[in-house]
Amino acid sequence: MKALKIVVLAKQVPDTRNVGKDAMKADGTVNRAALPAIFNPEDLNALEQALRVKDQIPGTKVILLTMGPGRAAEVIREGLYRGADEGYLLTDRAFAGADTLATSYALACAIRKINDVDLIFAGRQAIDGDTAQVGPQVAEKMHLPQVTYVEEITEIKKGKITLKRRLERGVESVECPMPCVVTVNGSAPTCRPRNAKALMKYKHARTVTEQQDSSEDYITLYTERPYLAIPEWSVNDIESDLQQLGLTGSPTKVKKIENIVFQAKEARKIESNDEGIEDLMKELIENHTLG
Amino acid sequence: MNNIFVICETENGKISDVSLELLTKGRSLANELKCQLEALVIGDHLADIEKQLYPYGTDMVWVADDSRLVFYSTLPYTAIAVQLFKEQKPQIVLLGASSFGRDLGPRVSSALASGLTADCTSLEIGDHEDKRAGKQYTHLLYQIRPAFGGNIVATIINPDKRPQMATVREGVMKKAIHNENYKGKRTDLDVSKYVKDDDFVVKIIERHIESSKVNIKNASIIVAGGYGVGSKENFDLLAQLAETIGAEVGASRAAVDAGFAGHDRQIGQTGVTVRPKLYIACGISGQIQHIAGMQDSAMIISINNDPGAPINKIADYVITGDLTEVLPKMIKYYKKNTK
């Protein structure tokens, strides 16, 4: 079967399980620098699906694409360690402050530049926003069909892919012509771990900016082994309409950010012994909360 | 023109609850904005469907009824919604934040180059001043949603682009009949003018959708467990208590992620919002994203071995102890005192 070209959209996200007070900037956008950054969990599920296609169809190429600040190159390296073939970092101040629509537009432009892509995989949603919008919006921007909430690829044959979707109350199997966009659920198989060989091979993979910042003298390394250079694309490297990028291209604006404060109540303490529990149950029965 | 639209979801010929909840909210927004409330229903065999919608104060029901539309499919549904909205120019479009709305909403918003806010927990009308551009906006839709894993609440606006689009999860808005005898109008769309053959390239091969057996949203008593319950076996204790006192079992996101309970039992910002008369929280620490989905419970009992669990702050009764000891006692003394 013809080898495929697969793009996996990956996002570096703040670990929202540990959010401090300085997480937001005054303008209401996220202060990513103040938070530990991780590979968005469902994007790892998406990467695994892409790698499974590669296992099955020899010659298939898995290409990571991420948009973010310079340190998002970490996501590319992580993907390379786990079996991806190459990765691109889309980074420019012109992309900053983008909502899902402007993000999707930028990603779609980059995918067009990668060119001749058969499949685009992404996690269903990212844990910092939980919107699940970027996958479908990339699909729309590229005029491609989309299949969301995917748990499994059942078949790839004659230019078509068959996928199993996990919905609220059941499953659905759909057949979709390629190219298409597929978003993968967290219930899909977890991503394989780092591969020792790949880790050795890509340990020194760096973007140009990182190469310049690196105090060690690796310059010859990158001329000898070009696969260690992670391409960094700015707004000048993709064909795009500036009006549709970043804050300018974002129809939604953050008006206000508030911390959540819950009204504390004066709770009654109940002893966990027999007497305490029996009194509580009696009280709840008597005031008709129970029974 | 300039009205509020709800894209409705159907299940076996019935409009789903989340759509009716949105129509209820849409009615009150329409009253405030002095505009009309309209609904779009896409599917097959939709005779009389409008009768389910009028009582919620729907002024106009647009129907796309075609055998090819029997099951939701992204491309044809998008084509119909996008074309209709280009013609009707709504100011607001609301959808349920289900797998339907979360697949369709972003596609439609992208095609219209308008803004969409997911999983809103509150929708209000308000004004906005853009000082930098020196512009005043009135009667915008404030789309209020948690962000960052529920640690903050953001108010999102779409100052310039229309429609202003938002999705809302089931149970967040309250469903209420506006007027049993409310009269609206039905308009049937000529489907062939809205879809092309190319819109049907994605084929549904198989479908196994069960009607929901779990009904936590409407339960008057809920026994909910968190990660602190510790195991699937311990969750059986919750089920035993629930069965004894006539309650439903709910779970926090952490408990669902750990595999202790199914997704259909998840309570919180990313699950269902509930307002029972009694909420018994077992081994739930009380992450904001969970509390947001149950804080309106009339009475809350927290059972936790950590006296400092955040959920205790909003509880009416706090039992500090091991739930494997407390729950059997609750069952025992309930039975003893109801005989």
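The values are calculated or read from the model by the stated rules, or taken from the named source; none is laboratory data. Predicted model, so just to flag it, every value in this text is computed and none were measured. Glycine also receives a Cβ, built like all others from the backbone with ideal geometry; neighbour counts cover every protein chain displayed. The accessibility values were calculated without ligands, DNA or RNA, using every heavy atom of the protein model including side chains. Shrake-Rupley method; radii C 1.70, N 1.55, O 1.52, S 1.80 Å.
Points 7 angstrom from Cα along the Cβ direction at B:K34 and B:K131: gap in nanometres?
Computed distance between label sites B:K34 and B:K131 equals 3.1 nm.
From zero outward in steps of 10 Å, how is the percent of C-alpha pairs of the protein assembly as shown spread across the bins?
All Cα pairs considered, the percentages come to 3, 15, 24, 25, 19, 10, 3, 0, 0.
Can you list the HN-Hα couplings for the stretch B:166-179, worked out from phi with the Karplus curve (6.51, -1.76, 1.60; θ = phi - 60°), rounded to whole Hz and with x for Gly and Pro?
Here the 3J(HN,Hα) series is 8, 10, 9, 6, 4, x, 6, 9, 8, 8, 8, 5, 7, 6 Hz.
Can you tell me the accessible area per residue over the protein assembly as shown, all protein chains present, probe 1.4 angstrom, in square angstrom? Let's see the in-between values first.
Working: 27490 Å² over 630 residues.
Computed with neighbouring chains in place, this is 44 Å² per residue.
How long are the three semi-axes of the equivalent ellipsoid for the stretch B:132-267, computed from the Cα gyration tensor as the root of 5 times each eigenvalue, in whole Å, largest first?
Numbers: eigenvalues 286, 130, 78 Å².
Ellipsoid half-lengths, sorted descending, are 38, 26, 20 Å.
So who's got an amide H within less than 5 Å of the one on B:I152, skipping anything under 5 residues away but keeping other chains? H placed 1.01 Å off N, in plane.
The list, which skips near neighbours in sequence, is B:A147.
Can you tell me the FRET efficiency between B:D65 and A:A96 if r is taken as the Cβ-Cβ distance and R0 is 41 Å, rounded to the nearest 0.05? If you can, show how the numbers build up before the last one.
Values: r = 46 Å, r/R0 = 1.11.
Working from the Cβ atoms, E equals 0.35.
Taking amide H positions as placed in the peptide plane 1.01 Å from N, state which residues far from B:I300 in sequence (5 or more) or on other chains have amide H under 5 Å from it.
The list, which skips near neighbours in sequence, is B:Y279, B:D316, B:Y317.
Tell me what chain B gives for mean residue ellipticity at 222 nm when only DSSP H runs of n ≥ 4 count, each as -39,500 (n - 2.57), the sum divided by the residue total, rounded to 500 deg cm²/dmol. Numbers along the way, then the final one.
Working: 8 runs with 87 residues, N = 339.
Taking each H run of at least 4 residues, the total per residue is -7500 deg cm²/dmol.
For the pair A:D237/A:T223, report the inter-label distance in nm, with labels modelled 7 Å from Cα in the Cβ direction.
About 2.1 nm separates the two model spin labels.
Would you look at the GNM of chain A, springs on alpha carbons closer than 10 Å, and say which of A:I270, A:I230, A:I257 moves the most?
Answer for the Gaussian network model of chain A: A:I270.
Could you check how much of the accessible area of chain B is carbon and sulfur, as a whole percent, using a 1.4 Å probe?
On the way: 6430 of 13800 Å².
Carbon and sulfur atoms account for 47 percent of the accessible area of chain B.
Give the separation of the Cα centroids, the stretch A:138-163 to the stretch A:56-77, in Å.
19
Measuring from centroid to centroid over Cα atoms, what is the spacing of the stretch B:262-339 and the stretch A:203-258 in Å?
Here the answer is 47 Å between Cα centres.
Determine, from the Cβ-Cβ distance of A:R268 and B:D236 and an R0 of 22 Å, the FRET efficiency 1/(1 + (r/R0)^6), rounded to the nearest 0.05. List each step's numbers first, then the result.
On the way: r = 28 Å, r/R0 = 1.28.
That pair, A:R268 with B:D236, gives E of 0.20.
First check a/c for the stretch B:122-186, with a ≥ b ≥ c the square roots of the eigenvalues of its C-alpha gyration tensor; if it is under 1.5, answer rounded, and if not, answer prolate when a/b is larger than b/c or oblate otherwise.
Oblate shape, in that a/c is at least 1.5 and b/c is the bigger or equal ratio.
Just tell me how shielded B:71-84 is by partners: mean number of partner chain Cβ atoms within 10 Å of each residue's Cβ, no decimals.
Numbers: counts 2, 2, 2, 9, 5, 0, 0, 4, 0, 0, 0, 1, 0, 0.
Rounded to a whole number, the mean comes out at 2.
Spelling out what I want: for every residue of the stretch B:195-201, take phi, set θ = phi - 60°, compute 6.51 cos²θ - 1.76 cosθ + 1.60 (Karplus), and round to whole Hz; glycine and proline get x.
10, 10, 4, 4, 6, 10, 6
Rounded to the nearest 0.05, what FRET efficiency do B:Q88 and A:H288 give with R0 = 56 Å and r taken as the Cβ-Cβ distance? Could you check?
Details: r = 50 Å, r/R0 = 0.89.
For R0 = 56 Å, the calculated efficiency reads 0.70.
Based on DSSP H assignment, which helices of chain A show an axial Cα extent of at least 15 Å together with a mean Kyte-Doolittle hydropathy greater than or equal to -0.5?
Working: long enough: A:41-56 (23 Å, -0.96); A:100-114 (21 Å, 0.96); A:274-286 (18 Å, -0.52).
Long hydrophobic helices here: A:100-114.
Need the list of lysines near A:K282 for cross-linking: C-alpha distance under 17 angstrom, and skip anything on the same chain fewer than eight residues off.
Output for A:K282: A:K269, B:K277, B:K329, B:K332, B:K335, B:K336, B:K339.
Tell me which residues come under 5 Å, amide H to amide H, from B:G250 once H is placed; ignore anything under 5 positions away on its chain.
Residues meeting the amide H criterion: B:V223, B:A224, B:G225.
Semi-axes, largest first, in whole Å: what does sqrt of 5 times each Cα gyration tensor eigenvalue give for the stretch B:221-338?
Numbers: eigenvalues 73, 46, 40 Å².
That gives 19, 15, 14 Å for the three semi-axes.
Evaluate the relative contact order of chain B (contact order divided by residue number), counting alpha-carbon pairs under 8 angstrom at least 6 apart; express in whole percent.
Over chain B, the number comes to 14 percent.
Across the stretch A:143-154, in residue order, what do the Karplus-derived ³J(HN,Hα) couplings come to in whole Hz, using 6.51 cos²θ - 1.76 cosθ + 1.60 with θ = phi - 60° and x for Gly and Pro?
6, 10, x, 10, 10, 9, 6, 7, 10, 7, 9, 9
Please list, in order, the residues from the stretch A:129-169 whose amide nitrogen is less than 13 Å from a point placed 7 Å along the Cα→Cβ vector of B:K196.
Once the point is set 7 Å along Cα→Cβ of B:K196, A:143-145 turn out to lie under 13 Å by backbone N, inside the stretch A:129-169.
Looking at chain A, identify the longest residue range that excludes and avoids all GluC sites (Glu not before Pro) in DSSP loops having at most 11 other Cβ atoms within 10 Å. Intermediate results must be reported in sequence, preceding the final value.
Details: sites that count: A:E216, A:E239, A:E266.
Counting at most 11 other Cβ atoms within 10 Å as exposed, the longest clean stretch of chain A is A:1-215.
Give me the number: length gained by fully extending B:K174 to B:D306, i.e. 0.36 nm times residue separation minus the C-alpha to C-alpha distance, one decimal in nm.
Between B:K174 and B:D306, full extension yields an extra 44.1 nm.
Hey, what angle do you get for helix B:74-88 against the long axis of chain B, alpha-carbon based, 0 to 90 degrees rounded to 10?
Its long axis makes an angle of about 60 degrees.
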